[in-house]
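For reference, the structure is listed below as structure tokens.
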Amino acid sequence: MNAFEVNFDGLVGPTHNYGGLSYGNVASQSNSQACSNPREAALQGLAKMKALMEMGFRQGVLAPQERPDVAALRSIGFAGSDAEVISRAAKEAMPLLAACMSASSMWTANSCTVSPSADTADGRVHFTAANLNCKFHRSIEHPTTSRVLGAMFADTQHFAHHPALPAVSQFGDEGAANHTRFCKSYGEPGVEFFVFGRSAFDSRLPAPQRYPARQTLEASQAIARLHGLSDAGVVYAQQTPAVIDQGVFHNDVIAVGNGEVLFHHQDAFLDSDKVLAELQGKLARRGGNLRAVCVPREAVTVEDAVTSYLFNSQLLTGADGKMLLIVPEECRNNARVWNYLQQLTSDGGPIREVRVFDLKQSMQNGGGPACLRLRVALNESELAAVNPGVIMTPALYETLTDWVGRHYRDRLRDEDLADPQLLIECRTALDELTRILKLGAVYPFQLN
Ligand code: SUG
């Protein structure tokens, strides 16, 4: 049966702002308190979805979350009416209000980890919502993520959903941002590659000194168990701790893979040769042939990778079997990176084409093309079982563009976050969105 990769992009929510909430994510820290433009952010994301759809890729959309998260503010002691909760938080603890306002669920690569049915013991597609417990503003995402995923992939014959792992740092899990799947073709058993930043229990493994390592080995192992993956189809690798300390807060800031290709920086993994040999061996036993494209540090430094987001690109297989890299505009603005890309696409290797997108609103918070999408490999009958309301079409693109135009502000600053009107605007917009995407009731304000 035919199988495909479907990219589900996060629709940027109406409260997109620069809260400076992610220590260790250089862009988030350096753009803290800048004025954001939620409308432009959402339109930039939609433009990418439309372009990929027009190029013939299967494209879906993942709904944003209810923000401000009034329930989260109540859980930490702010009381009264919804408006009072917000104004008290604004007066007493602005960083907590900012956290409960963040539109960070737009980076759907962090929403969950997905294992396609060809890899799992029960032959279903498995999803584990990410607990994202390294950052408060992200740790509040997973209950709604689970409800939204449940509404998109509801058919229990094809889809299995696991709740987030225990909410402690030993099981820190950031979803698909640290997970890549290699395969000969999407419908055949592949090798799932889990990259972790530290181990919670094995003190022999090194850890970064400056910035947090968000993903643990133990979280990755738990997901492999939950999804019923076989040892023959799994490889674990540790990220080089020094690159985390330079701002590589997820593996997808320094490597991307698709099909048989791994595009990675020379400094991405500890014991790189061993990791590549294990991947090569396991993929070969699945009938595939790993093609690792290693970018040397002489050509592109880790700092270049962090500022340009070269590796936070989408690596896609076109209808002709050739690979295409979707990169952010920031890659064109870095001469070393841009030169490297010219060379890469002309040297006869697997990556033949580069397409550039303006995603500046998201990039300023450390979210590039790859962060904005969740990859789900599906065969034809699984694709037919997905809620059709979330599959991108020209008509849905028009509807969502119009919806953004009617509901989103074009500037948002710190002081605007305290505006009680923003809560009303967001709920009105999201209520309409659940009807557009045919999700049913998924938001707390719809459930109470
Ligand atoms: O978790 N930024 C996100 C960016 C996530 C990028 N995702 C991947 N690489 N897959 C994060 O650090 C910043 C929010 C703020 O500062 O307002 C933020 O959450």
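The values are calculated or read from the model by the stated rules, or taken from the named source; none is laboratory data. What you are looking at is a predicted structure, and each value in this text was computed from that prediction instead of being measured. Note that each Cβ is placed from the backbone with ideal geometry, even for glycine, and that neighbours are counted across all protein chains shown. SASA here: full protein model, heavy atoms, side chains in, ligands and nucleic acids out. Shrake-Rupley method; radii C 1.70, N 1.55, O 1.52, S 1.80 Å.
Worth a mention:
- Output for segment 241-255, where each listed residue is hydrophobic (A, V, I, L, M, F, W, C) and open to solvent by 10 Å² or more (accessible area, probe 1.4 Å): Ala242, Phe249
- Selection from segment 310-324 of residues that are away from the ligand (no atom under 16 Å from the Cβ) and touching a residue at least 24 places away in the same chain (Cβ under 8 Å): Leu316, Thr317, Gly318, Ala319, Lys322, Met323, Leu324
- Pair list, Cβ under 7 Å, 6 or more apart: segment 119-139 residue within 16 Å of Gln221 (Cβ to Cβ), other residue more than 10 Å from the ligand (Cβ to nearest atom) and of a type in the set (Phe, Trp, Tyr): Asn131/Phe171
- Scanning segment 385-421 for residues that are closer than 30 Å to His158 by Cα and open to solvent by less than 80 Å² (accessible area, probe 1.4 Å) yields a count of 13.
- Here Asn333 fits the description: exposed (fewer than 14 other Cβ atoms within 10 Å of the Cβ) and either at pLDDT below 95 or within 25 Å of Gly20 (Cβ to Cβ) (or both).
- Test result for Ala42, under 21 Å from the mean Cα position of the chain (by Cα), open to solvent by less than 20 Å² (accessible area, probe 1.4 Å) and closer than 18 Å to Met363 by Cβ: yes
- Scanning segment 14-48 for residues that are part of a loop (DSSP other than H, G, I, E, B) and either within 30 Å of Ala118 (Cβ to Cβ) or within 12 Å of the ligand (Cβ to nearest atom) (or both) yields a count of 15.
- Among residues of segment 142-157, those that are more than 19 Å from Leu437 (Cβ to Cβ) and either polar (S, T, N, Q) or in a loop (DSSP other than H, G, I, E, B) (or both), counted: 2
- Selection within segment 241-269 - within 14 Å of the ligand (Cβ to nearest atom) and in contact with a Pro (Cβ under 9 Å, 6 or more places away or on another chain): Val243, Ile244, Phe249
- Which numbered condition Lys438 fails, given (1) within 24 Å of the chain's Cα centre (by Cα); (2) open to solvent by less than 10 Å² (accessible area, probe 1.4 Å); (3) not β-branched (Val, Ile, Thr): (2)
- Boolean, Ser169 is surrounded by fewer than 23 Cβ atoms within 10 Å (Cβ to Cβ), among the small types (Gly, Ala, Ser) and within 16 Å of the ligand (Cβ to nearest atom): yes
- Filter result for the condition that a residue is more than 16 Å from the ligand (Cβ to nearest atom), over 22 Å from Gly247 (Cα atoms) and surrounded by fewer than 24 Cβ atoms within 10 Å (Cβ to Cβ), over Arg375, Arg355: Arg355
- Filtering segment 336-352 to residues that are surrounded by 14 or more Cβ atoms within 10 Å (Cβ to Cβ) and among the charged types (D, E, K, R) leaves Arg336, Arg352.
- Test: residue in segment 196-211 that is part of a strand (DSSP E or B) and within 21 Å of Val256 (Cβ to Cβ): yes
- Among the residues making up segment 120-149, those that are of a type in the set (A, V, I, L, M) and either in contact with a helix residue (DSSP H, G or I) (Cβ under 7 Å, 6 or more places away or on another chain) or on the phi > 0 side of the Ramachandran plot (or both) are Val125, Ala129, Ala130, Leu132, Ile140.
- Condition broken by Leu97, with the remaining ones in (1) open to solvent by 10 Å² or more (accessible area, probe 1.4 Å); (2) within 13 Å of the ligand (Cβ to nearest atom) satisfied: (1)
- Filter result for Ala51 (crowded, with 24+ Cβ neighbours inside 10 Å and either more than 10 Å from the ligand (Cβ to nearest atom) or modelled with pLDDT under 95 (or both)): no
- Entry remark, segment 172-202: residues being within 16 Å of the ligand (Cβ to nearest atom), of a type in the set (Phe, Trp, Tyr) and farther than 23 Å from Leu283 by Cα number 0 in total.
- Segment 154-176 residues that are of a type in the set (S, T, N, Q), paired with ones that are exposed (fewer than 15 other Cβ atoms within 10 Å of the Cβ) (beta carbon under 8 Å, 6 or more apart): Gln170/Phe201
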